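Undergrad: Got a structure for you, questions after.
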Amino acid sequence: MTTITRNSFGKISGREILRYTLSDDALSVSVMPYGASVQRIVYRGRDMILSLPEAELYPKFSAGCIGAVVGRYAGRIADGRFTLDGREYRLSRNQGGNHLHGGRHGFHTKRWSGGIAEDADGGVKFTLLSPDGDEGYPGNLRVSVTYRLTDGDCLAIAYEASCDRDTVLNLTNHCYFNPNGVDNSPPALRRHDESDNRDIEMTIFADRVVELDREIPTGRLLPVEGTAFDFRALRRLADGADASFRGYDHTLLFSPHAPEQPVASARGMKSGVRIDCFTDQPAVQLFTMGNPGSLFAFETQHLPDSPNHPDFPSTVLKAGEVFRSETRYRFTQE
Ligand code: G6D
């Protein structure tokens, strides 16, 4: 049975931020309306994700999207432009001449509304209206994310969205994990790159990786066979690449799989904690902030720049359609 508590988590721009903590059995998850973010995950007494100690720090580090929901479009859109229904849309170009993570004022920077909602089935629901023209996107988009704990120490993240005009949409959550535990104490936060990914084993049920040229897809999907992106068999996250590799910031396309099958698992070799990921999305962005990096983000989503690649799975949300998606992270102590 999930219990939900609420407490003040400081202020952002002078306005109080409430933090909601869902607890059940060995797992507790704290979420907040700034960025509709997952602020903390504690499993059997260990922090599982990077967390900042107070709300006002999150806008300062917003470029990292720490724990946040990212949208309208997670990932990059080349040159900040795409054409839909014969009309070109110009988006904010907030990184290297491209559009990244919904733009300078993407969903991760917004104060969502909501909280403990009757229709959230024992969870916490945040909602946002992204108005027509927001960062250059068409249509008034209503989006919600509901966090709930389900059986077996599992965090379920359910998204729903609809728009009054055709638009593109690619949502994700941007937690930074380490199943061995994350030291979020202030001194360690300044040195968080001293913890590392070396003692993590991982499997990802993906046989193709998006080829990039200067962070933008070329349009080719390459086989992972024999590359640093081949996680089809369990191996250490840090073992697949040589010293010249600058770290993972790549999109892996899942192989066909049953919905109840985890698309990926990460296991802490020190803690024996395993995180299994389940999703209805076609791909995942694996991001390690370097090689081997200190934490990893595992952002389930569509492919980057899909609006400019007709042969990629479509991210078009037609006017009046309802988008629904769910990603789950299950925690197990081996
Ligand atoms: C960098 O390229 C990476 C992104 O993938 C990541 O999500 C972001 O930092 C936080 O821009």
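The values are calculated or read from the model by the stated rules, or taken from the named source; none is laboratory data. Computed from a prediction, not measured in an experiment: that's the story for all the values here. Note: ideal-geometry Cβ built from the backbone for every residue, glycine included; neighbour counts use all protein chains shown.
Undergrad: Having 1 or more residues that are of a type in the set (A, V, I, L, M) and more than 19 Å from THR300 (Cβ to Cβ) is the bar; report the strands (runs of 3 or more DSSP E) wholly within region 72-159 that clear it. Full working, then the answer.
TA: On the way: elements: 81-84, 87-90, 113-116, 124-130, 141-150.
Counting at least 1 such residues, we get 81-84, 113-116, 124-130, 141-150.
Undergrad: Could you check how many residues of region 1-35 are touching a helix residue (DSSP H, G or I) at 6+ places or on another chain (Cβ under 7 Å) and not in a strand (DSSP E or B)?
TA: First, the residues of region 1-35 that are touching a helix residue (DSSP H, G or I) at 6+ places or on another chain (Cβ under 7 Å): 12, 34-35.
Keeping just the survivors that are not in a strand (DSSP E or B) gives 35.
Of the residues in region 1-35, 1 are touching a helix residue (DSSP H, G or I) at 6+ places or on another chain (Cβ under 7 Å) and not in a strand (DSSP E or B).
Undergrad: Please find, among ASN178, ASN170, the residue that is under 30 Å from LYS318 (Cβ atoms) and in contact (Cβ under 8 Å) with a residue 12 or more places away in the chain.
TA: Working: ASN178 fails: under 30 Å from LYS318 (Cβ atoms).
Exactly one of ASN178, ASN170 is under 30 Å from LYS318 (Cβ atoms) and in contact (Cβ under 8 Å) with a residue 12 or more places away in the chain, namely ASN170.
Undergrad: Considering each residue of region 279-291, count those that are more than 16 Å from the ligand (Cβ to nearest atom) and surrounded by 16 or more Cβ atoms within 10 Å (Cβ to Cβ), and give that number.
TA: Our first condition is that a residue be more than 16 Å from the ligand (Cβ to nearest atom); within region 279-291, this holds for 279-280, 282.
If we keep only those that are surrounded by 16 or more Cβ atoms within 10 Å (Cβ to Cβ) too, we end up with 279, 282.
Of the residues in region 279-291, 2 are more than 16 Å from the ligand (Cβ to nearest atom) and surrounded by 16 or more Cβ atoms within 10 Å (Cβ to Cβ).
Undergrad: In region 304-314, which residues are crowded, with 24+ Cβ neighbours inside 10 Å and in a loop (DSSP other than H, G, I, E, B)?
TA: PRO304, ASP305
Undergrad: In region 51-75, how many are within 11 Å of the ligand (Cβ to nearest atom) and buried (at least 24 other Cβ atoms within 10 Å of the Cβ)? Write out each step before concluding.
TA: Initial filter on region 51-75 (within 11 Å of the ligand (Cβ to nearest atom)): 61-66, 68, 70, 74-75.
When the remaining residues are screened for being buried (at least 24 other Cβ atoms within 10 Å of the Cβ), the result is 65, 68, 70, 74-75.
Count: 5.
Undergrad: Any residue in region 209-237 that is among the acidic types (Asp, Glu) sitting within a Cβ distance under 6 Å of a residue that is part of a loop (DSSP other than H, G, I, E, B)? List the pairs, counting only those 6 or more apart or interchain.
TA: Going by the 6 Å Cβ cut-off, the qualifying pairs are ASP230/VAL224.
Undergrad: Another question, if that's okay. So which of LEU169, LEU189 is more than 17 Å from ARG236 (Cα to Cα) and either modelled with pLDDT of 95 or more or acidic (Asp, Glu) (or both)? Give the steps one after another, and end with the answer.
TA: On the way: LEU189 fails: either modelled with pLDDT of 95 or more or acidic (Asp, Glu) (or both).
Only one candidate qualifies: LEU169.
Undergrad: Sticking with this structure for a sec: Quick check on ASP276: is it more than 16 Å from the ligand (Cβ to nearest atom), more than 16 Å from LEU212 (Cβ to Cβ), over 12 Å from the mean Cα position of the chain (by Cα) and in a strand (DSSP E or B)? Please lay out each step first, then the result.
TA: Numbers: more than 16 Å from the ligand (Cβ to nearest atom): yes; more than 16 Å from LEU212 (Cβ to Cβ): yes; over 12 Å from the mean Cα position of the chain (by Cα): yes; in a strand (DSSP E or B): yes.
For ASP276, the condition - more than 16 Å from the ligand (Cβ to nearest atom), more than 16 Å from LEU212 (Cβ to Cβ), over 12 Å from the mean Cα position of the chain (by Cα) and in a strand (DSSP E or B) - is met.
Undergrad: Which of the following residues is under 14 Å from the mean Cα position of the chain (by Cα), modelled with pLDDT of 95 or more and within 22 Å of SER162 (Cα to Cα): SER62, SER37?
TA: Values: SER62 fails: within 22 Å of SER162 (Cα to Cα).
From the options SER62, SER37, the qualifying one is SER37.
Undergrad: Looking only at residues that are away from the ligand (no atom under 12 Å from the Cβ) and within 29 Å of ALA243 (Cβ to Cβ) in region 293-318, which one is modelled with the lowest pLDDT? Explain how you work it out, then say what you get.
TA: Filtering region 293-318 for residues away from the ligand (no atom under 12 Å from the Cβ) gives 294, 300, 302-303, 305-318.
So of that shortlist, the ones also within 29 Å of ALA243 (Cβ to Cβ) come out as 294, 303.
Numbers: SER294: 83, LEU303: 98.
My answer is SER294.
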